[in-house]
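Comments concern the structure below.
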Amino acid sequence: MRSTLFFLLLIILLPSLPDGEAAMYSFVDQNGRLHFTNVPVDPRYREVPGYKALRQAAVAGRYGKYIRSAAERYSLDPELINAIIKVESSFNPFAVSEKGAMGLMQLMPETAKEMKVGSPFEAEENIMGGSRYLRKMLNLFDGDLRLGLAAYNAGPSRVLQKGGIPKIPETEQYVEKVLYEYSRRRANAMARQ
């Protein structure tokens, strides 16, 4: 009964907690009271198993309607958009890279302007703009997913100059990470059907 109440409380609180990869910790004291925190100050706290995965699912679910809408509008698989967001920002709408990329889909300022994204930290606008840009890259490279992803990361001119994925370690790793995440998400989606 106590563990059921604990997990119900976690599910209720998940959407209100800040985004990110935070863990949750709990312990039961000598009076049988359940304690939990995201900052364990007592050595009795232990990490709650499965919390990070549950938290990630709740955070991803928060943007589901925007992702589905963008996927439909730009003829993209929603799991591909999810994979890009996971790799780009780990679903943090306020993420900013060292190079200045912003939001869930990590739009560079010039790209955001080109895609008419006025508020890159606003989830719906960022997802729409990032998906529009992804569709543009895929169209430019005749639907080749690997080249489209490389262009999304490194810019289309580098991919065009190279005639393939440029020999930039960050871009090569990015393409592989997104493809892996996309494959994983598609397999999970199929298993749920």
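Assorted remarks:
- Phi-based couplings in Hz for region 105-122 (Karplus 6.51, -1.76, 1.60; Gly and Pro marked x): 9, 6, 7, 5, x, 5, 5, 4, 5, 4, 8, 6, 9, x, 10, x, 8, 8
- Candidates ARG146, ARG44, ARG158, ranked by Gaussian network fluctuation over the chain, Cα under 10 Å, top entry: ARG44
- Residue-count net charge about GLY103 - beta-carbon cut-off 9 Å; Lys, Arg +1, Asp, Glu -1: -3
- 18 Å Cα cut-off, lysine pairs counted over the chain (separation 8 or more, or different chains): 7
- Largest GNM mean-square fluctuation across GLU181, GLU170, GLU98, computed for the chain with C-alpha springs under 10 Å, falls on GLU98.
- Residues GLU110 and ARG184, FRET efficiency given R0 of 30 Å [Cβ-Cβ distance, rounded to 0.05]: 0.45
- ³J(HN,Hα), Karplus 6.51/-1.76/1.60, whole Hz, each residue of region 80-87, x for Gly, Pro: 5, 4, 4, 5, 5, 4, 4, 6
- Given charges at Cβ of Lys, Arg, Asp, Glu: the chain dipole, positive-most of ILE168, THR111, VAL178: VAL178
- Where labels lie 7 Å past Cα in the beta-carbon direction, separation of ALA60 and ILE168 in nm: 2.7
- Residue among GLU79, GLU110, GLU122 with the largest mean-square fluctuation in a Gaussian network model of the chain, springs linking Cα atoms under 10 Å: GLU110
- Debye, to nearest 20: dipole size of the chain, +1 on Lys, Arg Cβ, -1 on Asp, Glu Cβ: 360
Any read-out appearing in this document is the output of simple, stated calculations on the displayed coordinates, not a laboratory observation. Computed from a prediction, not measured in an experiment: that's the story for all the values here. Note that each Cβ is placed from the backbone with ideal geometry, even for glycine, and that neighbours are counted across all protein chains shown.
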